[in-house]
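The values are calculated or read from the model by the stated rules, or taken from the named source; none is laboratory data. Note that the coordinates shown come from a computational prediction; the quantities given were computed from them, not determined experimentally. Cβ placement follows ideal geometry from the backbone for every residue including glycine, while neighbour counts extend to all protein chains displayed. Just so you know, the surface numbers come from the protein's heavy atoms only, side chains and all, with ligands and any DNA or RNA stripped out. Shrake-Rupley method; radii C 1.70, N 1.55, O 1.52, S 1.80 Å.
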Amino acid sequence: MRSVLSRQEPAPPEETMGEPRARGRFGEYGGRYAPESLVEACREVEEAFRQAWADPGFRNTLADLLAVHAGRPTPLTPARRLSQALGVRLYLKREDLTHTGSHKINNVLGQALLATRMGRRRLIAETGAGQHGVATATAAALLGLRATVFMGERDMERQALNVFRMRMLGAEVVPVTAGSRTLKDATSEAMRHWVGVTGEAHYCVGSVVGPDPYPWMVREFQRVIGDEARAQFAAEVRTGVPDHVVACVGGGSNAAGTFAGFADTAARLFGVEAEGGAGAGRGRLGVLHGCRSLFLQDDDGQITEAHSIAAGLDYPGVGPEHAHLRDLGRARYVTVGDEEAIGAAVRLARTEGIVPALESAHALAWVIRAAGSGELAAGSTVLMTLSGRGDKDVSTLKELL
Ligand SMILES: Cc1ncc(COP(=O)(O)O)c(C=O)c1O
């Protein structure tokens, strides 16, 4: 398999989050399980991505968009008061401070730029929490593309603010009424729609899920989180590399991007899933949305519904690379429930003046728990990706607090 890195440096081994093996495999996971027309479309996306990623011109334009439009680099913030209370040294990678308020913008700017390079004039996307939809609508407006975003009706109710933002930005939001009316159903609908319009539209997948090359490509576009955090940590903290690296996992894009920056170090990697959506924790091998990975299933192999108070975490599976990292023992996956996440959100607001997205609050809740139980040794360093800000969740929180 030809490597985009081969002209500059050898591809790092798969275990350190390099390029997947042939046909997009991470261990026994990944692949391209899709109807023939989408297999061809994915092949085109892969070829375009390989060429773009090896092209310094593309990389420079993307870096420029990330700096000028998305506000990168995002800061690494020491959580001073909370650290003191927990007995560990906690640093927050502030993806909440990007334009549009979450890490989703990193991937979307990459894919939108790729779409224009492929001559596509339209973006199709699915969204759960709405952050990926808002990022897609934003990038489309910026680059003069049309955007169509599929969203479950239940998520549209929970994330009404983001629905308004997408429409304000000129995107069409298509309500999805099937199934649990959340992210899984929106993704199915978006893929179905893409089948008929592959020649004109690029499907902008929002996480490290879906058929090859999406899990790999999205991780590469999110790698900027881990790379920046590693350089910032090395410059600002005497220990050089954090002892622990923690991120929440829905499909797993912010975690994959964060882990990629530290996979070849001694840092211990932790992915935090919602109790009701724990693909890596409780999922079994299956195929969904064009990809072989771990999914919540019943005894007949039917995908079961996930639940989380955080709309971005109730996907019933996990990206294939996370399944592989779990098997290798390179990353550990743990779970947090709704109540604990809400408690962590309030605690961060009151100790550090930061209202996190409920997704990110899951990661924080686990840090709080693990510091309390001694699982994170006293005085050790913890880097946690704060994947998004909590504005979108205030109406949910208002009803509960
Ligand atoms: C703020 C935020 N964090 C995390 C996630 C989970 O996605 P992923 O696991 O791909 O990072 C989402 C998804 O919508 C989100 O909006």
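Structure above, values below:
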read-out: Top-ranked residue of the range 73-125 - restricted to ones that are basic (Lys, Arg) and within 15 Å of the ligand (Cβ to nearest atom), ranked as surrounded by the fewest Cβ atoms within 10 Å (Cβ to Cβ); value: 94
read-out: Of residues in the range 126-137 being near the ligand (Cβ under 10 Å from one of its atoms) and in contact with a Lys or Arg (Cβ under 8 Å, 6 or more places away or on another chain), the one nearest to residue 55 (Cα to Cα); value: 135
read-out: Verdict on residue 56 being surrounded by fewer than 20 Cβ atoms within 10 Å (Cβ to Cβ) and under 19 Å from the mean Cα position of the chain (by Cα); value: no
read-out: Conditions (1) at pLDDT below 95; (2) under 21 Å from the mean Cα position of the chain (by Cα); (3) open to solvent by 10 Å² or more (accessible area, probe 1.4 Å): number failed by residue 179; value: (2)
read-out: Test set (1) farther than 21 Å from residue 118 by Cβ; (2) surrounded by 24 or more Cβ atoms within 10 Å (Cβ to Cβ); (3) in the same structural domain as residue 136 (by the TED database) - residue 190 fails condition number; value: (1)
read-out: For residue 33: the one exception among (1) over 23 Å from residue 259 (Cβ atoms); (2) part of a loop (DSSP other than H, G, I, E, B); (3) at pLDDT below 95; value: (3)
read-out: In the range 226-257, the residues that are buried (at least 23 other Cβ atoms within 10 Å of the Cβ), out of contact with any His (no Cβ under 6 Å at 6 or more places or on another chain) and farther than 12 Å from residue 91 by Cβ; value: 226, 247, 249, 250, 251, 253, 255, 256, 257
read-out: Odd one out for residue 49, checked against (1) open to solvent by 40 Å² or more (accessible area, probe 1.4 Å); (2) over 23 Å from residue 267 (Cβ atoms); (3) in a helix (DSSP H, G or I); value: (1)
read-out: Criterion (charged (D, E, K, R) and under 16 Å from the mean Cα position of the chain (by Cα)) met by exactly one of 352, 305, 399, 321; value: 321
read-out: The listed residue being open to solvent by 10 Å² or more (accessible area, probe 1.4 Å) and assigned by the TED database to the domain that holds residue 93, out of 378, 363; value: 378
read-out: Failed item, numbered, when residue 190 is tested on (1) in contact with a Gly (Cβ under 7 Å, 6 or more places away or on another chain); (2) within 15 Å of the ligand (Cβ to nearest atom); value: (1)
read-out: Number of the condition not met by residue 319 [criteria: (1) crowded, with 23+ Cβ neighbours inside 10 Å; (2) in contact with a Leu (Cβ under 8 Å, 6 or more places away or on another chain)]; value: (2)
read-out: Residue match in the range 342-352 (condition: within 30 Å of residue 37 (Cβ to Cβ) and either touching a strand residue (DSSP E or B) at 6+ places or on another chain (Cβ under 8 Å) or open to solvent by 10 Å² or more (accessible area, probe 1.4 Å) (or both)); value: no
read-out: Restricting the range 258-290 to residues that are aliphatic (A, V, I, L, M), assigned to a loop (DSSP other than H, G, I, E, B) and open to solvent by less than 10 Å² (accessible area, probe 1.4 Å), the residue that is farthest from the ligand (Cβ to nearest atom); value: 267
read-out: Residue that is farthest from the ligand (Cβ to nearest atom), among those in the range 194-211 that are closer than 23 Å to residue 306 by Cα and not hydrophobic (A, V, I, L, M, F, W, C); value: 211
